[in-house]
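The values are calculated or read from the model by the stated rules, or taken from the named source; none is laboratory data. This structure is a prediction, so every number in the text was calculated from the model and none was measured. Don't worry about glycine lacking a Cβ; one is built from the backbone with ideal geometry, like all the others, and counts go over all protein chains shown. In case anyone asks, the SASA skips ligands and DNA or RNA and just uses the protein heavy atoms, side chains included. Shrake-Rupley method; radii C 1.70, N 1.55, O 1.52, S 1.80 Å.
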Amino acid sequence: MALLDGQPGGATASVPPPGRPGDKAAPGAGDADGGTRGARGARPSGPLPGLGLALLGVGLAWGTHLLVPGVPMLTAAVLLGILAAHLPGARALVRGVGRPGLSLAGKRLMRLGIVLLGLKLGLGDVLGLGWATVVMVAAVVAATFGGTLWLGRRLKLPGDQPLLVATGYSICGASAIGAVSEAKRSEERDVAASVALVTLCGTLAIAVLPLLQQPLGLDDGQFGRWVGAGVHDVGQVVATAQTAGPDALGDAVLVKLMRVLMLAPLVAAVVVSVRRRRADRRAHQPGGAGEADGDAGVRRPPLVPLFVLGFVAMVGLRSTGLLPQAGLDLASTGQELLLAAALFGLGSAVHLPSLARTGGRLALLGLCSWIVIAGVSYGGVLLTT
């Protein structure tokens, strides 16, 4: 459990402990009025009910994927979480007694899933694509991240939404949002809104991009690299690229996992930025030595959070070739189940009336970022193949 507890606040949910007078959750992350109390003021009874709901959500998401193979299980998990948060029968459970466990799933299980994600990436496979492709992917990530972050701030989106959306679009969807939000200690409402947007656009890509392969003049290999460079979540990449055959799918997954490899340095950069801002605030306090904004007694985030170190360690372990295929398959299944539970928890934190207040600006950011990553990755594929 050291891996889970190495992050500041790692053992706490993003909503205040339930049952304490006056506690409020962030708008959009709980009840319509922002409270964390359950239906009719019931006191939540710990994380187990919410973890049970997350497990049920995983089962329903898996069943949905079996019935409709074109819908990745992780996408289904987010959508089912959002649905559960708004269905009259389930809403009281999700916002009340289930909230602590669902928030716990969205944090701790997300970290474990991110660690296991590293076992899908071998350095030898990445380098086998050639340095030109490596440079192309780095350019796509940099252009998408920088452009989305700039536009999100110009649109005056609240909280960490510009940063989280930029992260999700440029690297690996909800998994990257979860990693950066842990390092930044973002509000649950910002995480949920960003995950919802990235999931929506990634799901649309499954239907839209295959229709563009022939008009854009891409062969199967080029199409796979375009999908890997431009689609957000790993599951969405697989669902999109498999329409063009096994060659496209293989290239898509490798290019996609190259983007995943950039998760660790991005999280480290976010932590450095957080530390620098805290130091600047303290320096501007009277005497220059005080704690700013209630930072007294709060540990600084580690330069590289332990779950990110775990991710890098798993990449190294996979690269040794020592793990049997059966072990890798088991880890892949576990990673998908953990992320599905985490994404169900995040989806259940979406409060659509609150999201609608910034929905227009958020949708505009998503559309513009989608155009940027699709255009830059298309140009990169043409230049490197």
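Things to note:
- Going through (1) open to solvent by 50 Å² or more (accessible area, probe 1.4 Å); (2) within 24 Å of ASP233 (Cβ to Cβ); (3) part of a helix (DSSP H, G or I) one by one, PRO69 falls short only on (3).
- Applying the condition of being modelled with pLDDT of 80 or more and small (Gly, Ala, Ser) to the stretch 242-263 and asking which residue is surrounded by the most Cβ atoms within 10 Å (Cβ to Cβ) yields ALA252.
- Subset of the stretch 93-103 (residues that are assigned to a helix (DSSP H, G or I), open to solvent by less than 50 Å² (accessible area, probe 1.4 Å) and either among the charged types (D, E, K, R) or more than 16 Å from LEU343 (Cα to Cα) (or both)): ARG95, ARG99
- Scope the stretch 136-153; condition in contact (Cβ under 8 Å) with a residue 60 or more places away in the chain and either under 14 Å from VAL255 (Cβ atoms) or not aliphatic (A, V, I, L, M) (or both); matching residues: MET136, VAL137, ALA138, ALA139, VAL140, VAL141, THR144, PHE145, GLY147, THR148, GLY152
- Looking only at the stretch 372-385, and only at residues there that are open to solvent by 40 Å² or more (accessible area, probe 1.4 Å), modelled with pLDDT of 90 or more and β-branched (Val, Ile, Thr), the one that is nearest to ARG91 (Cα to Cα): VAL372
- Residues of the stretch 194-216 satisfying the condition of being more than 21 Å from PRO69 (Cβ to Cβ) and at pLDDT below 90: SER194, VAL195, ALA196, LEU197, VAL198
- You will find that of GLY52, GLY81, GLY106, the residue that is modelled with pLDDT of 80 or more, within 19 Å of the chain's Cα centre (by Cα) and in a helix (DSSP H, G or I) is GLY81 and no other.
- Restricting the stretch 154-193 to residues that are free of Cβ contacts under 8 Å to residues at least 24 places away in the same chain and under 22 Å from GLY360 (Cβ atoms), the residue that is surrounded by the most Cβ atoms within 10 Å (Cβ to Cβ) is ILE177.
- The residue list GLN214, GLN222 contains one member that is surrounded by fewer than 24 Cβ atoms within 10 Å (Cβ to Cβ) and in a helix (DSSP H, G or I), which is GLN222.
- Pair list, Cβ < 7 Å and 6+ apart or interchain, from the stretch 57-69 residues that are touching a residue at least 12 places away in the same chain (Cβ under 8 Å) to residues that are surrounded by 16 or more Cβ atoms within 10 Å (Cβ to Cβ) and not in a helix (DSSP H, G or I): THR64/VAL71
- Which listed residue, of LEU362, LEU306, LEU346, LEU352, is at pLDDT 80 or above and either closer than 30 Å to LEU87 by Cβ or surrounded by 14 or more Cβ atoms within 10 Å (Cβ to Cβ) (or both): LEU362
- Filtering the stretch 271-303 to residues that are assigned to a loop (DSSP other than H, G, I, E, B) and either at pLDDT 80 or above or not aliphatic (A, V, I, L, M) (or both) leaves HIS284, GLN285, GLY290, GLU291, ASP293, GLY294, ASP295, GLY297, ARG299, ARG300, PRO301, PRO302.
- Matching residues in the stretch 109-125 - criterion: being assigned to a helix (DSSP H, G or I) and either of a type in the set (Phe, Trp, Tyr) or open to solvent by less than 10 Å² (accessible area, probe 1.4 Å) (or both): MET110, ARG111, GLY113, ILE114, LEU117, GLY118
- Members of the stretch 329-341 that are at pLDDT 85 or above, aliphatic (A, V, I, L, M) and surrounded by 15 or more Cβ atoms within 10 Å (Cβ to Cβ): ALA331, LEU337, LEU338, ALA340, ALA341
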